[in-house]
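The values are calculated or read from the model by the stated rules, or taken from the named source; none is laboratory data. Keep in mind that what you see is a predicted model, and the values were worked out from it rather than measured. Every residue, glycine as well, gets a Cβ built from its backbone with ideal geometry; the counts of neighbours run over all protein chains shown.
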Amino acid sequence: MNIDLDPWFIGGATLFAMSGVLHLSSMWRGNDAGEERSKWWSKISLDISLGYWSLLLVCWLLHTGGQGASRLWFGLSALAVGLSYRLIDRRVKVRSLGGVISALIALLAVFSYQLSGEPSLTAPSVDSSMPTTLIIHIALAVAGLAAFAVSASMSGLYLVVAKRLKSKQLVMGSKRLPSLSTLDEINLKGLLIGFPLYTGALLVGSAYAFGGSGELSLSYLVSLGSWSIYGGVLQARLTAGWRGQRAAWLTLIAFIGILLVAASYSFR
Amino acid sequence: MSSALATDHLIVVGLNHKTAPLHIREQLALQGESKAELIKTLKRRLSGGTMVVSTCNRVEFYGLSSTLSLGEEGLTDHQVLEMISDVVSERCQIPIDELIKHFYIHRGDEALHHIFRVASSLDSLVIGEPQILGQLKEALEESQSFETSGDLSILMERAFLVARRVRNQTGISKHVVSVSSIAVRLARHIFEDLSERTALLIGAGEMGELAARHLHQDGVGRLLVANRNLDRAVALAEKLNGSPRALSELSELLVTADIVITSTGSQEPIITPEIAQAALKSRKYRPLFIIDIAVPRDVDPRVNRLENIYVYDVDDLSQIADENMAQRANEATIAEELVKEELLKFHRERAQRNLGPLITALRTKVHTLKTQEIDWALSKEVVMNQAQEKLLRQMGDRLTNKILHDVLTGLKSLAHHPQSEDVIEVVSTLFKLTLPEEDLSPSSEDP
């Protein structure tokens with residue numbers, strides 16, 4: 001039986017987008033009762049979306065035999081980002097990030113939808129014929145992207161909180177924002193986890209690419225550029241003790257680079 | 001007592017920040033033995049539940065006793081005021097006339113409404129402040145310990161439920177309004193755990209000291225106190241449990257500290273962009289939060305433009321306090337509605353509780369009358385066979401049921417009517433019904 005799963009992918013993206021809206025609206029509830037209710041709804045909506053997405057990926061793998069590794073790459077990335085957020089949210093209350101994270105997952109889900117699952121040179125099928133180096137590359141890149149996504153979200157929120165504090169805008173919802181020190185700490189942890197994983201992904205990816213066409217693509221160069229920025233930020237933070245807005249900006253820029261690389265695969 | 005409407009016997013006499021100046025409130029602020037004596041004396045005079053609430057902004061006497069009811073047997077407002085003033089005057093050395101001038105009196109529903117409002121912090125100087133609920137609870141516990149609370153305990157528990165609902169369903173207590181609390185709240189936006197942070201207090205201003213105290217209470221790790229005069233720094237540091245420093249060390253201190261509270265009398269800024277920039281570099285751009293409470297300012301406004309330094313002056317803090325106060329005022333409107341709703345709910349519940357016994361008593365009375373009259377008829381020397389006697393009894397049943405049906409349906413429909421308590425009173429008087437004492441305890445469906 002031939003089932004078209006593409007609409008289900010866009011359905012997943014819509015669910016994540018809706019969860020993002022619920023997260024954002026939950027930040028502007030006036031009283032405790034309303035706040036608790038909307039907090040519950042936003043949390044449950046993300047859990048449902050993640051459950052739906054996992055099920056969809058399994059169905060897709062079973063149905064297509066894993067044709068189109070890029071779709072799997074983005075699908076897994078979306079899942080990894082969502083799960084990482086849920087894990088962090090259990091330890092540190094960063095609910096205000098839920099909106100940004102859900103939007104990011106929705107974006108990855110759209111990328112995933114864009115890839116129709118057609119077998120191609122850049123998107124081989126996930127079966128026994130798929131090179132081990134590529135599988136390792138995808139696994140490392142997915143994990144690295146999840147860590148960097150968390151790191152970038154923290155940086156974005158850091159800049160928002162810092163701007164509010166600077167401009168003396170203590171508007172409603174501020175109470176629910178985490179402190180600058182918490183955001184900075186999680187940002188650093190994200191970098192510490194993501195950087196080695198992404199480095200591994202780049203090394204394995206390079207080995208795979210040079211073993212094939214041997215060409216240096218633009219995406220590869222952008223990836224390398226992002227990696228350099230991450231390396232620089234990490235080095236500055238660990239040795240020179242860099243903190244605050246500058247580190248947050250650079251982390252964001254590096255992540256945008258990674259997203260551009262991801263988008264270039266998606267819309268190719 | 002017939003269907004005793006206990007809130008009719010409720011009375012509140014008191015004065016607060018709106019009705020009495022500070023010196024009167026100060027004289028009335030009773031503590032320990034004298035307060036205990038006052039409660040006991042009131043209990044003896046009123047022979048019912050009594051309670052005394054004494055805070056810096058209010059002194060109130062709550063009474064729940066049949067002596068206090070209005071009407072032929074009860075006391076008038078003036079008599080109640082005189083009686084309480086007499087008791088209070090003895091202990092506080094304030095003339096009775098002076099006390100009566102500042103006292104207000106609330107009775108019945110109005111008194112209950114007032115208690116609900118006080119518990120919900122709607123009658124406080126700073127609307128929404130959380131302390132009043134704790135103070136009321138303490139007052140009740142005190143009264144219970146002297147065994148003077150009586151049924152007041154049940155009404156007070158109800159007031160606490162109302163206060164909790166107001167707190168949970170409105171944002172009345174969300175926005176902090178004191179400058180020192182705002183400073184601490186802001187610090188928490190920057191530093192998650194204050195126990196790992198160092199605070200530096202520069203100068204010896206009162207507000208600065210208060211903010212430092214707040215930080216200390218919130219568990220700031222270390223407190224440094226700097227002053228031009230080292231002796232004053234030492235004295236203040238001892239008071240605040242901190243370490244004294246000379247103001248000449250300011251550049252080094254700015255590297256160590258995470259939170260700076262400054263309130264010196266200097267005419268020129270003591271923290272300039274140059275000093276701050278140098279400190280920032282040495283502290284490897286770790287965030288620095290500066291609260292400048294001095295007028296004129298101790299921190300050059302340009303310092304706030306530097307990355308990772310957040311400067312708040314007294315105007316910024318006051319502006320936040322004003323905005324938060326306005327937010328509270330908005331929430332207070334919603335809270336007032338909630339309190340009114342709760343008052344109505346309270347009356348409905350009581351009416352429902354009282355209707356049951358009223359209906360039972362009415363039915364019993366009518367059926368007893370019916371039985372008595374049939375028995376009377378049968379006792380006369382009229383020959384009736386079994387069928388005729390049965391018919392007579394059936395007729396009696398049908399007649400009473402038909403009469404009762406409309407009356408009881410009408411009474412049941414009154415359960416949600418605001419004046420249902422008056423109707424219960426009227427019906428029980430008309431039919432000379434004796435109802436059991438009412439139970440004021442909250443129903444299980446209460447929040």
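Is there a residue in the range B:213-223 that is over 33 Å from the mean Cα position of the chain (by Cα), at pLDDT 85 or above and crowded, with 20+ Cβ neighbours inside 10 Å?
yes
Does B:Val176 satisfy the condition of being of a type in the set (Val, Ile, Thr) and out of contact with any Ser or Thr (no Cβ under 8 Å at 6 or more places or on another chain)?
Against the criterion (of a type in the set (Val, Ile, Thr) and out of contact with any Ser or Thr (no Cβ under 8 Å at 6 or more places or on another chain)), B:Val176 qualifies.
Of the residues making up the range B:85-120, those that are part of a helix (DSSP H, G or I), of a type in the set (D, E, K, R) and farther than 19 Å from B:Thr55 by Cβ are B:Asp86, B:Glu90, B:Asp97, B:Glu98, B:Lys101, B:Asp109, B:Glu110.
Selection of the range B:137-157 for residues being touching a residue at least 40 places away in the same chain (Cβ under 8 Å) and in a helix (DSSP H, G or I) yields B:Ala139, B:Leu140, B:Glu142, B:Ser143, B:Leu152, B:Ser153, B:Ile154, B:Leu155, B:Met156, B:Glu157. If you take the residues in the range A:237-266 that are in contact (Cβ under 8 Å) with a residue 12 or more places away in the chain and of a type in the set (Phe, Trp, Tyr), which one is farthest from the other protein chains (Cβ to nearest Cβ)? Only one residue tops the list, namely A:Tyr265.
Among all positions in the range B:217-231, there is at least one residue which is within 25 Å of B:Pro287 (Cβ to Cβ), assigned by TED's automatic domain parsing to the domain that holds B:Phe289 and among the acidic types (Asp, Glu). Test each condition in (1) modelled with pLDDT of 90 or more; (2) more than 14 Å from chain A (Cβ to nearest Cβ); (3) buried (at least 21 other Cβ atoms within 10 Å of the Cβ) for B:Leu152 and report the one that comes out false. With (1) modelled with pLDDT of 90 or more; (2) more than 14 Å from chain A (Cβ to nearest Cβ); (3) buried (at least 21 other Cβ atoms within 10 Å of the Cβ) applied to B:Leu152, the lone miss is (1). Just checking, which of B:Glu336, B:Glu421, B:Glu342 is closer than 30 Å to B:Thr170 by Cβ and out of contact with any Leu (no Cβ under 7 Å at 6 or more places or on another chain)? The unique qualifying residue is B:Glu342. Taking the criterion of being at pLDDT below 80, under 20 Å from A:Phe255 (Cβ atoms) and not in a loop (DSSP other than H, G, I, E, B), would at least one residue in the range A:112-127 satisfy it? Looking through the range A:112-127, at least one residue is at pLDDT below 80, under 20 Å from A:Phe255 (Cβ atoms) and not in a loop (DSSP other than H, G, I, E, B). When the helices (runs of 4 or more DSSP H) confined to the range B:158-273 are screened for residues that are in contact with a Pro (Cβ under 6 Å, 6 or more places away or on another chain), those reaching at least 2 such residues are found at B:230-240. Considered as a group, the residues in the range B:71-84 that are loosely packed, with under 15 Cβ neighbours inside 10 Å and part of a loop (DSSP other than H, G, I, E, B) include one that is nearest to the chain's Cα centre (by Cα), and that residue is B:Thr76.
From the list B:Glu342, B:Glu336, B:Glu349, B:Glu331, pick out the single residue that is of a type outside the set (Ser, Thr, Tyr), closer than 30 Å to B:Phe160 by Cα, in contact with a Gly (Cβ under 8 Å, 6 or more places away or on another chain) and surrounded by 14 or more Cβ atoms within 10 Å (Cβ to Cβ).
Going through B:Glu342, B:Glu336, B:Glu349, B:Glu331 in turn, the sole match is B:Glu331.
In the range B:171-194, the qualifying residues are those that are more than 16 Å from B:Asp292 (Cα to Cα) and β-branched (Val, Ile, Thr), and the one that is farthest from the other protein chains (Cβ to nearest Cβ) is B:Val177.
Just to verify a result, which residue in the range B:271-284, among those that are surrounded by fewer than 20 Cβ atoms within 10 Å (Cβ to Cβ) and out of contact with any helix residue (DSSP H, G or I) (no Cβ under 7 Å at 6 or more places or on another chain), is nearest to B:Arg188 (Cα to Cα)?
B:Lys284
With the requirement that a residue be of a type outside the set (A, V, I, L, M, F, W, C), away from every other protein chain (no Cβ under 12 Å) and under 22 Å from B:Glu209 (Cβ atoms), what does the range B:250-284 give you? Scanning the range B:250-284 gives B:Thr256, B:Thr262, B:Ser263, B:Thr264, B:Gly265, B:Ser266, B:Gln267, B:Pro269.
Looking at the structure I just gave you, is B:Ser85 touching a strand residue (DSSP E or B) at 6+ places or on another chain (Cβ under 9 Å) and free of Cβ contacts under 8 Å to residues at least 24 places away in the same chain? Criteria met by B:Ser85.
Flag: B:Gln352 matches the condition of being more than 22 Å from the chain's Cα centre (by Cα) and either in a strand (DSSP E or B) or modelled with pLDDT under 85 (or both). The residues of the range B:224-233 that are surrounded by fewer than 16 Cβ atoms within 10 Å (Cβ to Cβ) and either of a type in the set (S, T, N, Q) or under 15 Å from B:Glu209 (Cβ atoms) (or both), listed by number, are B:Asn229, B:Arg232. Within the range B:189-208, at least one residue is closer than 25 Å to B:Ser251 by Cα, in contact (Cβ under 8 Å) with a residue 60 or more places away in the chain and touching a Phe, Trp or Tyr at 6+ places or on another chain (Cβ under 7 Å). Among the residues here, B:Lys281 does not qualify as within 36 Å of the chain's Cα centre (by Cα), part of a helix (DSSP H, G or I) and basic (Lys, Arg).
Regarding the range B:307-327, can at least one residue be identified that is more than 12 Å from every other protein chain (Cβ to nearest Cβ), touching a Ser or Thr at 6+ places or on another chain (Cβ under 9 Å), over 20 Å from B:Ala212 (Cβ atoms) and outside any loop (DSSP other than H, G, I, E, B)? Scanning the range B:307-327 turns up no residue that is more than 12 Å from every other protein chain (Cβ to nearest Cβ), touching a Ser or Thr at 6+ places or on another chain (Cβ under 9 Å), over 20 Å from B:Ala212 (Cβ atoms) and outside any loop (DSSP other than H, G, I, E, B).
On the stretch given as the range B:285-306, residues that are more than 9 Å from chain A (Cβ to nearest Cβ) and either surrounded by 15 or more Cβ atoms within 10 Å (Cβ to Cβ) or outside any loop (DSSP other than H, G, I, E, B) (or both) total 14.
Kindly establish whether B:Ala237 is more than 14 Å from every other protein chain (Cβ to nearest Cβ) and among the hydrophobic types (A, V, I, L, M, F, W, C). Yes, satisfied.
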